[in-house]
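The values are calculated or read from the model by the stated rules, or taken from the named source; none is laboratory data. From a predicted model like this one, the values you see are computed outputs, not experimental measurements. Cβ: placed from backbone, ideal geometry, glycine included. Neighbour counts: every protein chain shown.
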Amino acid sequence: MKNNKALIAIIAVLVLALGVSIFCLANKKCNTSGLEPLPKQEKSEGLRGVYDIDKNINEKTIDNYLGRPDVAYRDVRMLEDTATWENKGGERDLTGFVEGFEVIPYAFLTEFPQEYIDQKASENVSGLYTGKTLFRLDKDGNYIANYKESMEVLEYLFPKDKYIFLMCGAGGYANFTKQMLVKLGWDKEKIYNVGGYWNYEGNRRISTVNKNGGYDFWKVNYHNIEFDRLHEA
(Lines give C-alpha, C1' and ligand atoms only; values in the text may rest on other atoms or scores of the structure.)
Protein backbone atom coordinates (compact mmCIF):
# COMPACT_ATOMS: atom_id res chain seq x y z
CA MET A 1 0.00 0.00 0.00
CA LYS A 2 2.80 2.43 0.94
CA ASN A 3 4.59 1.71 -2.32
CA ASN A 4 1.42 2.44 -4.27
CA LYS A 5 0.99 5.78 -2.48
CA ALA A 6 4.60 6.72 -3.19
CA LEU A 7 4.20 5.79 -6.85
CA ILE A 8 1.01 7.85 -7.11
CA ALA A 9 2.78 10.84 -5.52
CA ILE A 10 5.67 10.60 -8.00
CA ILE A 11 3.29 10.37 -10.93
CA ALA A 12 1.35 13.39 -9.64
CA VAL A 13 4.55 15.47 -9.40
CA LEU A 14 5.58 14.46 -12.92
CA VAL A 15 2.16 15.32 -14.31
CA LEU A 16 2.24 18.69 -12.55
CA ALA A 17 5.72 19.43 -13.92
CA LEU A 18 4.62 18.46 -17.41
CA GLY A 19 1.58 20.70 -17.13
CA VAL A 20 3.71 23.67 -16.03
CA SER A 21 6.10 23.08 -18.93
CA ILE A 22 3.28 22.96 -21.44
CA PHE A 23 1.82 26.16 -19.98
CA CYS A 24 5.21 27.89 -20.24
CA LEU A 25 5.69 26.88 -23.85
CA ALA A 26 2.16 27.84 -24.82
CA ASN A 27 2.17 31.21 -23.08
CA LYS A 28 5.90 32.05 -23.10
CA LYS A 29 5.59 33.41 -19.58
CA CYS A 30 7.90 31.21 -17.55
CA ASN A 31 11.50 32.17 -17.00
CA THR A 32 13.65 29.48 -15.44
CA SER A 33 16.89 31.42 -15.82
CA GLY A 34 16.14 33.78 -12.96
CA LEU A 35 16.49 36.77 -15.29
CA GLU A 36 13.83 39.37 -15.88
CA PRO A 37 12.33 38.89 -19.35
CA LEU A 38 13.45 41.51 -21.84
CA PRO A 39 10.76 43.90 -23.07
CA LYS A 40 9.56 43.10 -26.56
CA GLN A 41 11.08 45.19 -29.30
CA GLU A 42 9.33 48.46 -30.08
CA LYS A 43 10.58 51.04 -32.55
CA SER A 44 11.30 54.57 -31.39
CA GLU A 45 9.51 57.47 -32.99
CA GLY A 46 10.78 59.68 -35.80
CA LEU A 47 14.21 59.24 -37.36
CA ARG A 48 15.26 56.92 -34.53
CA GLY A 49 12.48 54.61 -35.61
CA VAL A 50 13.76 54.70 -39.18
CA TYR A 51 17.08 53.45 -37.77
CA ASP A 52 15.09 50.80 -35.83
CA ILE A 53 16.45 52.01 -32.48
CA ASP A 54 14.49 50.35 -29.71
CA LYS A 55 12.09 52.45 -27.66
CA ASN A 56 12.61 50.52 -24.43
CA ILE A 57 16.25 49.45 -24.47
CA ASN A 58 18.43 52.32 -25.68
CA GLU A 59 21.07 54.87 -24.66
CA LYS A 60 18.92 56.06 -21.73
CA THR A 61 18.07 52.65 -20.28
CA ILE A 62 20.87 50.29 -21.36
CA ASP A 63 22.50 50.35 -17.92
CA ASN A 64 19.50 48.40 -16.60
CA TYR A 65 20.23 45.55 -19.00
CA LEU A 66 24.00 45.14 -18.74
CA GLY A 67 25.78 42.01 -17.55
CA ARG A 68 23.16 39.50 -18.64
CA PRO A 69 24.57 36.06 -19.58
CA ASP A 70 21.84 35.64 -22.20
CA VAL A 71 22.93 38.74 -24.15
CA ALA A 72 25.88 39.35 -26.50
CA TYR A 73 26.81 43.05 -26.37
CA ARG A 74 28.29 44.34 -29.63
CA ASP A 75 29.52 47.82 -30.57
CA VAL A 76 29.94 47.92 -34.36
CA ARG A 77 32.08 51.06 -34.71
CA MET A 78 35.68 51.16 -35.91
CA LEU A 79 38.54 52.06 -33.59
CA GLU A 80 39.54 54.72 -36.11
CA ASP A 81 36.85 55.36 -38.69
CA THR A 82 37.89 56.67 -42.08
CA ALA A 83 34.68 58.69 -42.57
CA THR A 84 34.43 62.39 -41.72
CA TRP A 85 31.86 61.99 -38.95
CA GLU A 86 33.02 65.23 -37.36
CA ASN A 87 31.19 67.03 -40.18
CA LYS A 88 27.95 65.71 -38.70
CA GLY A 89 28.81 66.27 -35.04
CA GLY A 90 30.18 62.77 -34.50
CA GLU A 91 33.63 61.29 -33.95
CA ARG A 92 36.03 59.30 -36.09
CA ASP A 93 37.84 57.71 -33.18
CA LEU A 94 36.35 55.38 -30.60
CA THR A 95 36.72 57.68 -27.60
CA GLY A 96 34.87 55.32 -25.30
CA PHE A 97 32.36 52.50 -25.04
CA VAL A 98 29.75 51.09 -22.69
CA GLU A 99 31.04 48.53 -20.20
CA GLY A 100 30.59 44.96 -21.41
CA PHE A 101 30.36 45.76 -25.11
CA GLU A 102 32.77 44.08 -27.50
CA VAL A 103 33.78 46.03 -30.61
CA ILE A 104 33.28 44.45 -34.03
CA PRO A 105 33.30 46.98 -36.91
CA TYR A 106 30.27 46.76 -39.19
CA ALA A 107 32.54 48.07 -41.96
CA PHE A 108 34.44 44.76 -41.86
CA LEU A 109 31.25 42.72 -42.23
CA THR A 110 29.97 43.98 -45.57
CA GLU A 111 30.15 46.89 -47.98
CA PHE A 112 27.93 49.95 -47.59
CA PRO A 113 24.83 50.21 -49.80
CA GLN A 114 25.23 52.86 -52.49
CA GLU A 115 22.15 54.75 -51.27
CA TYR A 116 23.79 55.07 -47.84
CA ILE A 117 27.01 56.37 -49.39
CA ASP A 118 24.97 58.92 -51.35
CA GLN A 119 23.00 59.92 -48.24
CA LYS A 120 26.16 60.51 -46.22
CA ALA A 121 27.66 62.52 -49.06
CA SER A 122 24.59 64.78 -48.98
CA GLU A 123 25.28 65.25 -45.26
CA ASN A 124 28.93 66.15 -45.96
CA VAL A 125 30.22 62.83 -44.64
CA SER A 126 32.75 61.21 -46.97
CA GLY A 127 35.53 58.64 -46.77
CA LEU A 128 33.50 55.60 -45.72
CA TYR A 129 35.61 52.45 -45.42
CA THR A 130 36.13 50.62 -48.73
CA GLY A 131 38.53 47.87 -47.67
CA LYS A 132 38.10 44.11 -47.37
CA THR A 133 34.84 42.70 -45.97
CA LEU A 134 33.44 39.28 -45.08
CA PHE A 135 30.49 39.73 -47.45
CA ARG A 136 29.53 41.86 -50.43
CA LEU A 137 26.15 42.99 -51.74
CA ASP A 138 24.80 41.92 -55.11
CA LYS A 139 22.40 44.02 -57.21
CA ASP A 140 19.40 42.44 -55.46
CA GLY A 141 20.65 43.26 -51.97
CA ASN A 142 21.78 39.72 -51.13
CA TYR A 143 24.91 39.13 -49.05
CA ILE A 144 27.54 37.07 -50.85
CA ALA A 145 30.43 35.56 -48.89
CA ASN A 146 33.87 36.79 -49.94
CA TYR A 147 35.63 34.05 -47.97
CA LYS A 148 35.00 30.38 -47.22
CA GLU A 149 35.06 31.20 -43.51
CA SER A 150 32.78 34.26 -43.69
CA MET A 151 29.69 32.64 -42.19
CA GLU A 152 31.71 30.82 -39.53
CA VAL A 153 33.27 34.10 -38.42
CA LEU A 154 29.91 35.87 -38.38
CA GLU A 155 28.23 33.13 -36.33
CA TYR A 156 31.07 33.19 -33.81
CA LEU A 157 30.99 36.97 -33.40
CA PHE A 158 27.17 37.16 -33.25
CA PRO A 159 25.98 33.98 -31.45
CA LYS A 160 22.52 32.87 -32.51
CA ASP A 161 21.71 31.30 -29.13
CA LYS A 162 21.74 34.69 -27.37
CA TYR A 163 19.99 38.00 -27.60
CA ILE A 164 22.20 40.54 -29.36
CA PHE A 165 22.39 44.21 -28.36
CA LEU A 166 23.88 46.36 -31.13
CA MET A 167 25.32 49.84 -30.59
CA CYS A 168 27.34 52.20 -32.77
CA GLY A 169 27.87 55.98 -32.92
CA ALA A 170 24.36 57.15 -33.73
CA GLY A 171 22.43 53.98 -34.63
CA GLY A 172 23.01 53.64 -38.38
CA TYR A 173 25.77 51.01 -38.38
CA ALA A 174 23.81 49.03 -35.78
CA ASN A 175 20.73 49.13 -37.99
CA PHE A 176 22.67 47.85 -41.00
CA THR A 177 24.20 45.07 -38.90
CA LYS A 178 20.76 43.96 -37.73
CA GLN A 179 19.43 43.95 -41.29
CA MET A 180 22.37 41.86 -42.43
CA LEU A 181 22.08 39.29 -39.66
CA VAL A 182 18.33 38.88 -40.19
CA LYS A 183 18.83 38.47 -43.94
CA LEU A 184 21.38 35.73 -43.25
CA GLY A 185 19.14 33.74 -40.90
CA TRP A 186 19.30 35.30 -37.44
CA ASP A 187 16.10 35.69 -35.39
CA LYS A 188 14.93 39.30 -35.75
CA GLU A 189 13.17 39.20 -32.37
CA LYS A 190 16.47 38.53 -30.61
CA ILE A 191 18.43 41.45 -32.08
CA TYR A 192 18.03 44.90 -30.50
CA ASN A 193 19.40 48.14 -31.90
CA VAL A 194 20.10 49.97 -28.64
CA GLY A 195 21.21 53.19 -30.31
CA GLY A 196 24.40 55.23 -30.40
CA TYR A 197 27.22 55.80 -27.96
CA TRP A 198 27.26 59.50 -28.86
CA ASN A 199 23.86 59.76 -27.16
CA TYR A 200 24.63 57.50 -24.19
CA GLU A 201 23.25 58.82 -20.88
CA GLY A 202 24.28 56.05 -18.47
CA ASN A 203 27.04 55.64 -15.88
CA ARG A 204 28.95 52.67 -17.32
CA ARG A 205 31.05 54.61 -19.79
CA ILE A 206 34.67 53.54 -20.26
CA SER A 207 36.82 56.27 -21.80
CA THR A 208 39.72 55.40 -24.08
CA VAL A 209 41.13 58.94 -24.11
CA ASN A 210 44.36 59.25 -22.12
CA LYS A 211 45.99 62.29 -20.52
CA ASN A 212 48.46 62.64 -23.40
CA GLY A 213 45.71 63.18 -25.94
CA GLY A 214 45.97 59.69 -27.41
CA TYR A 215 43.82 56.61 -27.05
CA ASP A 216 44.10 53.59 -24.77
CA PHE A 217 42.59 51.13 -27.21
CA TRP A 218 44.01 48.32 -25.09
CA LYS A 219 40.92 48.78 -22.92
CA VAL A 220 38.70 47.69 -25.79
CA ASN A 221 37.64 44.08 -26.29
CA TYR A 222 38.23 44.43 -30.01
CA HIS A 223 37.72 41.77 -32.69
CA ASN A 224 40.01 42.40 -35.63
CA ILE A 225 39.39 40.25 -38.69
CA GLU A 226 42.64 39.15 -40.32
CA PHE A 227 41.41 38.88 -43.89
CA ASP A 228 44.80 37.78 -45.22
CA ARG A 229 44.45 34.56 -43.20
CA LEU A 230 41.06 33.72 -44.73
CA HIS A 231 40.48 31.80 -47.95
CA GLU A 232 38.69 33.53 -50.80
CA ALA A 233 35.39 31.93 -51.81
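Among the residues of the stretch 210-233, write down those that are surrounded by 13 or more Cβ atoms within 10 Å (Cβ to Cβ) and under 26 Å from Asn64 (Cα atoms). Result: Phe217, Lys219, Val220, Tyr222, His223.
Annotation: of all residues in the stretch 50-60 being of a type outside the set (D, E, K, R) and either under 18 Å from Gly169 (Cβ atoms) or in contact (Cβ under 8 Å) with a residue 40 or more places away in the chain (or both), the one that is surrounded by the fewest Cβ atoms within 10 Å (Cβ to Cβ) is Val50. For the stretch 99-111, indicate whether the set of residues that are surrounded by fewer than 14 Cβ atoms within 10 Å (Cβ to Cβ) and aliphatic (A, V, I, L, M) is non-empty. Scanning the stretch 99-111 turns up no residue that is surrounded by fewer than 14 Cβ atoms within 10 Å (Cβ to Cβ) and aliphatic (A, V, I, L, M). Is it true that Gly185 is at positive phi and touching a strand residue (DSSP E or B) at 6+ places or on another chain (Cβ under 9 Å)? In short, no. Name the residues in the stretch 54-95 that are part of a loop (DSSP other than H, G, I, E, B), hydrophobic (A, V, I, L, M, F, W, C) and either within 15 Å of the chain's Cα centre (by Cα) or not assigned by TED's automatic domain parsing to the domain that holds Tyr106 (or both), would you? Scanning the stretch 54-95 gives Ile57, Leu66, Val76, Met78.
Those residues that are without any contact (Cβ under 8 Å) to a residue 60 or more places away in the chain, surrounded by 12 or more Cβ atoms within 10 Å (Cβ to Cβ) and touching a strand residue (DSSP E or B) at 6+ places or on another chain (Cβ under 8 Å), I need them from the stretch 114-143; list them, please. Answer for the stretch 114-143, where residues must be without any contact (Cβ under 8 Å) to a residue 60 or more places away in the chain, surrounded by 12 or more Cβ atoms within 10 Å (Cβ to Cβ) and touching a strand residue (DSSP E or B) at 6+ places or on another chain (Cβ under 8 Å): Thr133, Phe135, Arg136, Leu137, Tyr143. Filtering the stretch 105-126 for residues that are over 26 Å from Lys160 (Cβ atoms), assigned to a loop (DSSP other than H, G, I, E, B) and of a type in the set (A, V, I, L, M) leaves a non-empty set.
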